[in-house]
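Have a look at the structure below, then the notes.
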Amino acid sequence: MVPNSEVLTRHEELTLEECDREPIHVPGLIQPHGILLAVERNGLVRQASANAMTILGQQEVVGRDIADLLVGDVDLDRAIRSTSPVRLGELVLHDQPMDVLAHCTSDDPDGLVIVELIVSDRSGGVDASLAIDELRTLMMSVQSARDDIGLFQAVARQVQRVTGFDRAMIYRFDEELNGSIIAEAISPGKEEELGSFLGLNYPATDIPRQAHRLYLQNWIRLIPDMGYAPVPLIGHEVEGRSKLDLSNALLRSVSPIHIEYLQNMGVSATLTISLPDQRHAESGPERLWGLVACHHYGGPRLMDAARLSVCELIGRQVSSTIAMRRIRQQSDLLAKRRGIQQAVISVTNAALEKSVKLTEALLRDDASILRLVDAAGAAAVGSSGIVSTGSVPSDKALRAIAVHARSKVAAAVGDDAIFVTDRLTLEEPSLADEEEVRQLASGVLAMPLSTDGTLLVWVRPEQVHTVNWGGDPNNKATRDIEGRLSPRKSFDRWQEEVRGRSEPWSPEDVASVRELRRALVDIVVRHFEDLTSLNEQLEVSNSELTRFAYAAGHDLREPIRGINSLASFTLEDFGEQLDSEVLDRLKTIQKLTVRTDGLMSSLLRYAKLGQSRLRRASFSYREVVSEVVETLDVRIRETNATVQVADVLPNIRADRERVYEVVQNLVVNAMKYVSDVDPIIEIGRVKRAAAIAAADTDSARAEANAVGGRHVFFVRDNGIGIPVAQREDVFRIFRRLHSRDAFGGGSGAGLTISKQAVERHGGRMWITGRPDGEQGTTVWFTLEG
């Protein structure tokens with residue numbers, strides 16, 4: 001070891017800061033197996049480790065030019081171009097070879113250059129010249145490994161050989177940053193003495209989050225002697241700067257808590273090689289996939305820079321290989337899933353062609369819908385009911401699950417509107433006591449099917465399993481009698497039975513669901529286009545179609561109006577020059593565009609109603625009726641109509657604007673559809689029994705029976721009436737029972753919009769004849785009080 005007469009005799013105590021908040025990147029200390037100089041870019045030493053004067057044999061170091069301190073030319077320019085340590089050469093001090101490494105603290109032009117002189121020890125492990133051969137052998141082993149187990153075991157063996165450490169392990173992190181040992185290599189002859197850590201798990205709290213960030217930044221971390229006394233930095237801090245950032249310094253001193261943790265394990269030296277997740281390397285690694293962790297138990301273990309470089313190359317090669325394997329596996333799985341998805345889409349599309357509801361159509365191919373994400377059960381849960389397949393909990397439980405899932409996706413948009421959990425009852429207290437939910441639906445993957453809250457839900461059962469921990473994971477860091485944080489001391493195998501969790505949903509599962517969701521939107525839009533072209537087949541219950549209708553109604557009006565204007569300008573400018581046939585055609589174009597604009601206007605109103613939120617408030621229904629009559633006063637007088645309004649009408653709680661529109665549409669229809677009599681229009685309210693008594697068909701009777709506690713309103717006329725067989729047809733958008741121009745024309749959307757507005761309020765609308773048997777129509781609808 002290098003002579004060192006100016007060191008701290010013990011670590012600085014960490015008494016109040018929690019592990020996750022410890023500023024380990026600016027400790028102000030280094031390990032004593034070398035010296036550290038913080039140099040300005042002009043070569044002036046700004047700070048130095050306290051042992052630098054002894055090792056360099058100088059009276060003063062801080063404030064000197066580095067060229068005067070080190071024998072030979074130190075090419076700082078190479079270091080300035082890199083924030084990772086660059087080997088600048090080798091010096092021999094006190095008969096001890098020392099590697100000279102340097103890097104820049106940042107891209108800032110005023111950033112300091114960190115120069116490190118580190119003891120170079122070529123003993124133990126393979127010779128540095130052979131390490132390159134070992135790396136080549138490793139690459140061949142990695143490329144030829146048939147599975148992950150073979151890959152990781154080959155890596156552990158080669159790292160153990162290169163480093164000479166007693167134990168080399170592959171330590172993998174899960175999504176919660178818990179770690180597990182998935183491969184291990186022990187120095188030959190020491191297997192029985194050291195025992196195996198293979199298969200053990202360690203809690204996320206063993207490695208603080210800021211340590212994860214440093215592992216991502218600096219791929220190699222060597223602690224050659226757990227019993228070291230840290231060396232402080234001395235010198236001048238640059239004004240306005242925080243403490244010297246040692247994130248990339250190989251000599252950086254580590255947390256005393258980490259040292260104590262490893263000493264509690266009996267480790268005397270350790271080396272870690274980072275394995276970042278490089279599947280998104282173009283934007284920089286965001287998290288650690290794992291580590292290669294090496295432990296030595298027989299005393300200090302130094303290494304030279306050449307072998308450390310080989311170790312870093314091993315880490316980079318393995319990280320790239322892992323990423324490529326994961327990308328290939330993900331691609332293969334997604335390709336398989338797309339085949340299953342196509343089967344689901346094909347069956348769903350065929351069912352929709354036969355007017356089957358989307359929720360039922362999706363579950364027609366129950367085997368494929370389950371295999372799409374390897375689920376045990378699936379269900380479509382909506383206000384109109386539940387359709388399910390496979391192993392699912394009761395309808396009551398499914399509704400409770402849907403309520404929780406909706407609350408999670410309510411604020412999400414686009415691809416983020418997916419709910420995923422593998423521990424439902426552990427996350428949601430209201431479901432914690434539901435045994436059937438835990439057993440059948442500990443795992444839930446859900447996506448919205450429509451804006452009315454309908455969800456497609458996949459479930460997985462509870463998977464009870466045993467986890468072998470390296471010590472009790474609940475035994476976290478504690479404080480001793482002096483208030484210092486102290487890590488756990490026991491690492492004996494500790495078993496835990498895990499309940500309430502399912503097999504986790506993979507990223508491929510979530511990706512498959514997102515692709516299905518996008519495909520379903522395409523299907524729904526395509527069906528809407530077909531139905532729109534046929535008008536009478538438009539379905540008002542499909543929320544996806546409603547959104548398309550809004551876009552169509554809004555975007556198509558401008559070109560239609562443009563065509564009308566062009567025809568008008570042509571008539572005005574060239575009318576006298578055109579023959580009668582061309583004039584008739586231009587006038588026909590004008591009429592058609594006016595009619596089409598009216599249709600688009602109705603379609604837009606219909607779509608807006610489907611998308612807009614109801615603004616419920618309490619108000620007088622009679623006041624709304626009075627406003628409608630007042631607004632239509634001119635037309636009422638023109639048609640010689642009589643409007644009879646009941647003396648007593650209740651207050652209701654609803655969207656006042658929508659109720660106004662409903663009453664206005666019904667009164668206008670009542671004035672319009674008459675033959676040779678003056679219109680008589682009655683507006684009133686009855687009790688449920690009277691509505692049932694007035695029902696003249698089974699469907700009307702069923703609607704009246706379902707009234708419940710709602711108010712039953714009606715608008716009755718003495719007009720031409722509606723044949724029983726056509727009473728449902730009149731609620732279809734653009735569906736007219738008469739010729740286009742008969743009874744004053746119109747778009748045929750009034751009743752559709754009115755019924756939709758009522759149903760948005762949770763009410764119902766239906767049609768009967770007059771209770772007195774005379775010619776005419778009664779339109780009934782319900783609203784809450």
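Structure notes:
- Using only side-chain charges placed at the Cβ, +1 for Lys and Arg and -1 for Asp and Glu, the dipole size of the stretch 280-368 relative to its Cα centre rounds to 140 debye.
- For the listed peptides 253-259, 161-167, 770-776, a ranking on the average number of other beta carbons within 10 Å per residue, highest first, reads 161-167, 253-259, 770-776.
- Its Kirkwood hydrodynamic radius, worked out from the mean inverse distance over all distinct Cα pairs, puts the stretch 262-408 at 20.3 Å.
- Packing rank of 348-354, 168-174, where each peptide gets the mean count of other beta carbons within 10 Å, highest leading: 168-174, 348-354
- All-pairs Cα distance distribution in the stretch 669-716, expressed in whole percent, bin size 5 Å: 5, 19, 24, 18, 16, 13, 5, 1
- Protection-proxy order for peptides 325-332, 688-695, 716-723, 372-379, each taking the mean of Cβ atoms within 10 Å per residue, highest first: 372-379, 716-723, 688-695, 325-332
- Options ALA417, VAL373, THR321, ranked by Cα towards positive dipole end of the stretch 321-422, top entry (Cβ charges): THR321
- When +1 charges are put on Lys and Arg Cβ atoms and -1 charges on Asp and Glu Cβ atoms, the dipole computed for the stretch 346-404 relative to its Cα centre reaches about 140 debye.
- Dipole-positive endmost among GLN330, LEU271, ILE259 within the stretch 253-382 (Cβ charges, Cα centre): GLN330
- Among MET140, MET226, the sequence by solvent-accessible area, most first, with a 1.4 Å probe is MET140, MET226.
- Counting Lys and Arg as +1 and Asp and Glu as -1 over every other residue whose Cβ lies under 15 Å from the Cβ of TRP766, the net charge comes to +3.
- Measuring max minus min along each principal axis, the C-alpha atoms of the stretch 357-410 give extents of 28, 24, 22 Å (largest first).
The values are calculated or read from the model by the stated rules, or taken from the named source; none is laboratory data. Keep in mind that this is a model prediction, so the values were computed, not measured. All Cβ positions, glycine included, derive from the backbone under ideal geometry; neighbour counts span all protein chains shown. Surface areas here come from the heavy atoms of the whole protein model, side chains and all, with no ligands, DNA or RNA. Shrake-Rupley method; radii C 1.70, N 1.55, O 1.52, S 1.80 Å.
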